[in-house]
Amino acid sequence: MRIEFSPVSDEAATPVGGALWTGAGVRIEAGDDAARAAIERIFRLAPVPTDDPSYRRFGTSGDSVMQPGTLEWFRAAAFARAPAEGLAARLVPTVARGAGWDPAAQYRSFEDVLERLDRADRGVGEA
């Protein structure tokens, strides 16, 4: 999975850098030192509290805490911490195969689909 970052003030959304989930960690790519430092702060190895309902169990409320080292943490850190750095995050598709809606796979959760696409992107299994 890849996430690109652009300045919040940039209406054209010109990326200043990005981060790639490798399965073992985060690989940061940036054009300059300031952007690299900001993206490194976004992905510092610390838990991320998020008020995203998709991470909660049914019938619960409040924040969920994403622990470092997972694909969910990578996604949560990017979207929760980027605004504090003056950046906007966006997911960038990296896998063409297996993309799209599959009516036979509706039983899979969103997280399962992301995990499968991420494994396929890294060459670990099938999409």
On average over all directions, what projected area in square nanometres does the range 22-66 have, based on the convex hull of its Cα atoms?
4.3
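What is the chain's relative contact order, in percent, from Cα pairs under 8 angstrom and six or more apart in sequence?
26
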For a quick check: with amide H placed at 1.01 Å from N, whose amide H comes under 5 Å from M66's, ignoring anything fewer than 5 positions away on the same chain?
V48, T50
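With Rg and the Kirkwood Rh both taken from Cα atoms, where does Rg over Rh land for the range 1-120? Before the final figure, lay out each step's value.
Numbers: Rg = 15.1 Å, Rh = 15.4 Å.
Looking at the range 1-120, the ratio lands at 0.98.
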The long-range amide H neighbours of G17, using H built 1.01 Å from N in the peptide plane and a cut-off of under 5 Å, are F5
Accessible area in square angstrom per residue, the chain, 1.4 angstrom probe
60
Karplus 3J(HN,Hα) series, Hz, for the range 13-24 with 6.51 cos²θ - 1.76 cosθ + 1.60 (x for Gly, Pro):
6, 6, x, 9, x, x, 9, 10, 7, 9, x, 10
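The values are calculated or read from the model by the stated rules, or taken from the named source; none is laboratory data. In this text the structure is predicted, and so the values were computed from the model without any measurement. SASA here: full protein model, heavy atoms, side chains in, ligands and nucleic acids out. Shrake-Rupley method; radii C 1.70, N 1.55, O 1.52, S 1.80 Å.
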